[in-house]
Amino acid sequence: MSSLSSTSDNQLIELIAKQDQRAYKELYKRHYRRVELHCRSTLFNKDQASEAAQEAFLRVFLQAANYTPRASVLSWMMKIARKIKSLKRRIAS
């Protein structure tokens, strides 16, 4: 089993689109903390932020085939996280 640590994020997304769970785990390992902190910046609750970040990563896995490299993978993931945060804030109000 080869390591994916030197694989680019774009290549990981291509693999994830083919349901490659090793690629998903690598992307998660690289970016989960940043996505969670981004969620925490507006949700202000660690549990809600963690839940939002988990949901964002699930959507990344499910929508990987739809990714178009107009921006970085991380930017795309943050956009997904922003949509989830917005929805969670509306539900909470």
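Quick notes on this structure:
- Against the numbered list (1) more than 10 Å from the chain's Cα centre (by Cα); (2) open to solvent by 40 Å² or more (accessible area, probe 1.4 Å), ILE13 comes up short only at (2).
- Residue count for the range 73-93, restricted to those that are crowded, with 17+ Cβ neighbours inside 10 Å and assigned to a loop (DSSP other than H, G, I, E, B): 0
- Every condition in (1) of a type outside the set (Val, Ile, Thr); (2) in a helix (DSSP H, G or I); (3) without any contact (Cβ under 8 Å) to a residue 40 or more places away in the chain is met by ARG70 except one, and the failing one is (2).
- Qualifying residue in the range 16-33 (condition: open to solvent by 60 Å² or more (accessible area, probe 1.4 Å), in contact (Cβ under 8 Å) with a residue 60 or more places away in the chain and polar (S, T, N, Q)): no
- Top-ranked residue of the range 52-67 - restricted to ones that are in contact with a helix residue (DSSP H, G or I) (Cβ under 9 Å, 6 or more places away or on another chain) and free of Cβ contacts under 8 Å to residues at least 12 places away in the same chain, ranked as surrounded by the most Cβ atoms within 10 Å (Cβ to Cβ): GLN54
- Scanning the range 48-67 for residues that are over 21 Å from GLN11 (Cα atoms) and assigned to a loop (DSSP other than H, G, I, E, B) gives no hits.
- Verdict on THR42 being at negative phi, β-branched (Val, Ile, Thr) and loosely packed, with under 11 Cβ neighbours inside 10 Å: no
The values are calculated or read from the model by the stated rules, or taken from the named source; none is laboratory data. None of the values given here were measured: they were computed from a predicted structure. Note that each Cβ is placed from the backbone with ideal geometry, even for glycine, and that neighbours are counted across all protein chains shown. Calculation scope for accessible area: heavy atoms of the full protein, side chains included, ligands and nucleic acids excluded. Shrake-Rupley method; radii C 1.70, N 1.55, O 1.52, S 1.80 Å.
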